[in-house]
Structures are given as C-alpha cells and as structure tokens.
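Everything below concerns the one structure shown next.
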Amino acid sequence: MRWTGLLLVAMVAVLALLQFRLWTGQGGHRSVAALQSQVQQQVRENTGLEQRNAALAAEVEDLKSGEAAVEERARSELGMIKPGETFYRVVERDSALSDTADPAAGDGESP
C-alpha cells in the first residue's frame, strides 16, 4: 500500500510537470499562439505585396506595349510636351497670395 501511494504521488508530480511544460515551455500553448499570430500577419503582408506586384507588372506590361502609357508618364512625371503644344500652369489664388507674402514679416499675415 505504501508503494502505491508513493507511485501515485510520483505520477501526479510527472503529470504536473508535463502540464507546466505544455502551457509555458518551448512549443507550448503560448508559443503556438504567438506563431499563429505571426503567420496571420505575414499572410496579410504577403497579400498586400502580391497586389502591389500585380499592379507593377501591369504597369510594366502597359509601358512595354503601348505608347500612350509612356506619353502619359512623360507628361505627368517629367513635364514634357509635344512640339507645337503650349504649356499652361494653373496657380491657385490662395497659394499665389501666400507665395507673395513677405517672409521677413513673420506673423503669417498677407500684405
């Protein structure tokens, strides 16, 4: 009977140790939850990058195949115009007033 009680105490101690390692140790419940969270975050990031890559691939294909895209980029990014065209710059009235303000005044009011 004495050995049975001692064996029972030893088995409960081993069970408690295994449960402790299951919940707190490496590869335990917390580690698995943290890894699952990282996987979900990486999946979201990969989805965004795949969409970006698809947009860039479509833009590259458009640039390779058509003149219209090249012309549009040259106009918008480089400010280029065709021969015979006249370039007009439209300036907003508010920004024109703030550009003409005296920078030495320092109070930010218009003259």
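Per 10 Å bin, what percent of the C-alpha pairs of the stretch 26-100 does each bin hold, from zero upward?
Cα pair-distance distribution for the stretch 26-100, in percent: 14, 20, 19, 18, 15, 10, 4, 0.
How far apart, in nm, are two points set 7 Å out from the Cα along the Cα-to-Cβ line at residue 59 and at residue 88?
2.9
Laboratory data are not the source of any read-out in this text; all were calculated from the coordinates shown. Computed from a prediction, not measured in an experiment: that's the story for all the values here. Every residue, glycine among them, receives a Cβ derived from its backbone with ideal geometry; neighbour counts consider all protein chains shown.
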